[in-house]
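J.: One structure, as structure tokens, below. Some questions next.
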Amino acid sequence: MAVTVVGIGGSVRADSQSERALQAVLAGARDSGAKVQLLTGDELVMPFFDTSVSERTANAQALVRALRDADGVVLASPGYHGTVSGLVKNALDYAEDLREDERPYLQGRAVGCVGIAYGWQATVTTLQALRSVAHALRGWPTPLGAAVNSAETGLGPGGECADAKVASTLHTIGVQVAEFALGSRHGH
């Protein structure tokens, strides 16, 4: 049975560079035999997370269900003012709804992280922020993460990239998430 890898990220702008990077990582997971699910843009538009509100929108319910069923997760965020976008951070806050699960939050799951921005400073700090959030949610950030400087490297539709090093890095993150998920399922 294939493992499931859920990709969360992008921006409210359809087909953004961060969404394309996410697609490239998910292609690596798919190439490793994983079933992938992509949640981006409008699918992540939800009310600000509030623990005192028990009702959830359809988007929030779909996100929580996808995270609950995921064997691995990929997070890709644009760097907004040196950190994760509000869209991505709010989506990750909804993982709080998994706190009472048998596998709370992202416990035991590999989490691939990609920060992408127009410049190195925000790119690197966004990647660091995603890794910190993954740790806080009890996930296992993959050994390889990606800091993609869109001022130097652009991604095409579907995540293709002319820069072989960036393309290889994104693909490898997807492979690592899928392989970790498969190994965890088989108790390795």
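Quick note: the coordinates plus some simple rules give every number you see, no bench work behind them. A quick note: this is a predicted structure, and the numbers were derived from the prediction, not measured. Because the Cβ atoms are built from the backbone with ideal geometry, glycine has one as well, and the counts that use them run over all protein chains shown.
J.: Whole angstrom only: what separates the Cα centroid of segment 92-164 from the Cα centroid of segment 48-77?
T.: 16
J.: Still on this structure, I have one more. Candidates (1) 20.8; (2) 15.4; (3) 9.9; which is the computed mean projected area of the Cα convex hull in nm²?
T.: Given (1) 20.8; (2) 15.4; (3) 9.9, the structure-derived one carries the label (3).
J.: Out of R20, R65, R138, any idea which swings most in a Gaussian network model of the chain, alpha carbons joined below 10 Å?
T.: R65
J.: So what J values fall out for segment 145-155 if you push phi through Karplus, 6.51 cos²θ - 1.76 cosθ + 1.60 with θ = phi - 60°, rounded to Hz, Gly and Pro as x?
T.: Listing the rounded values in order: x, 10, 10, 9, 8, 5, 6, 10, 9, x, 10 Hz.
J.: Calculate one ³J(HN,Hα) per residue across segment 45-60 by plugging θ = phi - 60° into the Karplus curve 6.51 cos²θ - 1.76 cosθ + 1.60, and present them in order as whole Hz with x for glycine and proline.
T.: In residue order, the calculated couplings are 7, 9, x, 3, 4, 9, 5, 7, 9, 8, 6, 10, 5, 4, 4, 5 Hz.
J.: Here is a follow-up. What is the calculated FRET efficiency for F48 to A164, with r their C-beta to C-beta distance and R₀ = 30 Å, to the nearest 0.05?
T.: Working: r = 40 Å, r/R0 = 1.35.
With a Förster radius of 30 Å, E is 0.15.
J.: Next question, about the same structure. Go through segment 46-84 and name the chymotrypsin sites (Phe, Trp or Tyr not before Pro) that are in a DSSP coil and have 16 or fewer other Cβ atoms within 10 Å of their Cβ. Could you put the intermediate results ahead of the total?
T.: Values: sites: F48, F49, Y80; in loops: F48, F49.
In loop regions of segment 46-84 (DSSP not H, G, I, E or B), the sparsely surrounded chymotrypsin sites (Phe, Trp or Tyr not before Pro) are F48.
J.: OK, next. Quick one: if you stick a label point 7 Å off each Cα along the C-beta vector at A151 and S184, how many nm between them?
T.: Result: 3.6 nm between the two label points.
J.: Now for a separate question. Per-residue HN-Hα couplings for segment 104-118, Karplus 6.51 cos²θ - 1.76 cosθ + 1.60 at θ = phi - 60°, whole Hz, x for Gly and Pro?
T.: Karplus values, whole Hz, x for Gly and Pro: x, 6, 10, 3, x, 10, 6, 10, x, 10, 9, x, 9, 7, 8.
J.: Hey, what did the chain get for relative contact order, percent, Cα under 8 Å, at least 6 apart? Before the final figure, lay out each step's value.
T.: Values: 412 pairs, mean separation 53.8, N = 188.
Here the relative contact order equals 29 percent.
J.: Between G112 and residues 5 or more places away or on another chain, which pairs have amide H atoms under 5 Å apart, with H built 1.01 Å from N, and which residues are they?
T.: V73, V74, L75, T142
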